[in-house]
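The values are calculated or read from the model by the stated rules, or taken from the named source; none is laboratory data. None of these values were measured; they are calculated from a predicted model. Cβ placement follows ideal geometry from the backbone for every residue including glycine, while neighbour counts extend to all protein chains displayed. Quick note on the areas: whole protein, heavy atoms, side chains included, nothing else; ligands and nucleic acids left out. Shrake-Rupley method; radii C 1.70, N 1.55, O 1.52, S 1.80 Å.
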Amino acid sequence: MTYRSIDLKVLHFLRKISEPMARVGIFIIFFWFGFLKVLGLSPASPLVAALLHVTMPFIPAPVFLAWFGALECVIGLLFLIKGAERLAVVALFLHMITTAMPLFLLPHIAWTGMMVPTLEGQYIIKNLAIIAAAIGIAAHLHPLHKGHHLC
């Protein structure tokens, strides 16, 4: 066996598992972290509550956290359902907009200095990897047929 044939086999294997691995990875992250919010056990709850206080102070934090966590669980589940990928990716991107807000609206929580994120800031910035995985999943989708609608 040559290095080239081994390389081709490894690449073929990685291409075969990349989409399922991305789906399962996103599911685990969203469902697990969302479920922790629903149970009131998430270490991210103070950050979410602080953002809520700045953006929508009229909503009680425990209620919002439970609903936000439930939404995260649904997003995670959508990534496991064949045919729901488009909805999952759209929901994920909308979710990512909200989760990036502390970088701008709560700089005292997200940054210790110029370009030096806190642990919370790092938690938010790592979402770029999740976005990249979602783009990879979307790249494997087949185009919609003419006359086919999402809803």
Discussion item. Residue pairs, Cβ under 9 Å, 6 or more apart or interchain, first in the stretch 1-29 and in contact (Cβ under 8 Å) with a residue 24 or more places away in the chain and closer than 17 Å to Ala139 by Cα, second surrounded by 10 or more Cβ atoms within 10 Å (Cβ to Cβ) and among the charged types (D, E, K, R). List them.
Written reply: Arg23/Glu85
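Taking Leu78 as the residue in question, decide whether it is within 12 Å of the chain's Cα centre (by Cα), surrounded by 16 or more Cβ atoms within 10 Å (Cβ to Cβ), of a type in the set (A, V, I, L, M) and under 19 Å from Leu52 (Cα atoms).
On the way: within 12 Å of the chain's Cα centre (by Cα): yes; surrounded by 16 or more Cβ atoms within 10 Å (Cβ to Cβ): yes; of a type in the set (A, V, I, L, M): yes; under 19 Å from Leu52 (Cα atoms): no.
Criteria not met by Leu78.
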Worksheet item: List the pairs whose first member sits in the stretch 101-115 and is among the polar types (S, T, N, Q), whose second member is open to solvent by less than 60 Å² (accessible area, probe 1.4 Å), and whose Cβ atoms are under 9 Å apart, counting only residues at least 6 apart or on separate chains?
Response: Thr112/Thr118; Thr112/Gly121
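Which residue is farthest from Tyr123 (Cα to Cα), if the candidates are limited to the stretch 44-57 and must be part of a helix (DSSP H, G or I), open to solvent by 30 Å² or more (accessible area, probe 1.4 Å) and among the hydrophobic types (A, V, I, L, M, F, W, C)? Spell out how you get there, then give the answer.
Going residue by residue through the stretch 44-57, those that are part of a helix (DSSP H, G or I) are 45-55.
Retained after the next criterion (residues that are open to solvent by 30 Å² or more (accessible area, probe 1.4 Å)): 46, 49, 53-55.
Subsequent filtering for residues that are among the hydrophobic types (A, V, I, L, M, F, W, C) retains 49, 54.
On the way: Ala49: 16, Val54: 20 Å.
Taking the candidates together, the pick is Val54.
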Discussion item. What are the pairs with Cβ atoms under 6 angstrom where one residue, in the stretch 38-50, is within 17 Å of Thr98 (Cβ to Cβ) and the other, located anywhere, is of a type in the set (D, E, K, R) and part of a helix (DSSP H, G or I)? Sequence gap at least six, or different chains.
Written reply: Leu47/Glu120
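Sort out which residues of the stretch 94-151 are open to solvent by 90 Å² or more (accessible area, probe 1.4 Å) and of a type in the set (A, V, I, L, M, F, W, C), and write them in order of number.
Pass one, the stretch 94-151, residues open to solvent by 90 Å² or more (accessible area, probe 1.4 Å): 94, 97, 104, 108, 112, 114-115, 119, 122, 128, 135, 140, 142-143, 145-146, 148-151.
Passing the criteria: Leu94, Ile97, Phe104, Met114, Met115, Leu119, Leu128, Ile135, Leu150, Cys151.
One line per residue, one yes/no per condition, for (1) at pLDDT 95 or above; (2) in contact with a strand residue (DSSP E or B) (Cβ under 7 Å, 6 or more places away or on another chain); (3) under 21 Å from Gln122 (Cβ atoms); (4) not basic (Lys, Arg):
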position	(1), (2), (3), (4)
Met1	no, no, no, yes
Val10	yes, no, no, yes
Pro20	yes, no, no, yes
Ser42	yes, no, yes, yes
Phe68	yes, no, yes, yes
Worksheet item: Which condition number does Lys37 fail, the rest of (1) under 30 Å from Leu144 (Cα atoms); (2) of a type outside the set (A, V, I, L, M, F, W, C); (3) surrounded by 19 or more Cβ atoms within 10 Å (Cβ to Cβ) being met?
Response: (1)
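Condition check ((1) open to solvent by less than 80 Å² (accessible area, probe 1.4 Å); (2) of a type in the set (Asp, Glu); (3) touching a helix residue (DSSP H, G or I) at 6+ places or on another chain (Cβ under 7 Å)) across all residues:
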site: Met1; (1), (2), (3): no, no, no
site: Ile6; (1), (2), (3): yes, no, no
site: Arg23; (1), (2), (3): yes, no, yes
site: Phe27; (1), (2), (3): yes, no, yes
site: Leu41; (1), (2), (3): no, no, no
site: Ala61; (1), (2), (3): yes, no, yes
Discussion item. Please go through the stretch 79-104 and give me each residue that is of a type in the set (A, V, I, L, M), more than 18 Å from Ile29 (Cβ to Cβ) and in a loop (DSSP other than H, G, I, E, B), ordered by number.
Written reply: Met101
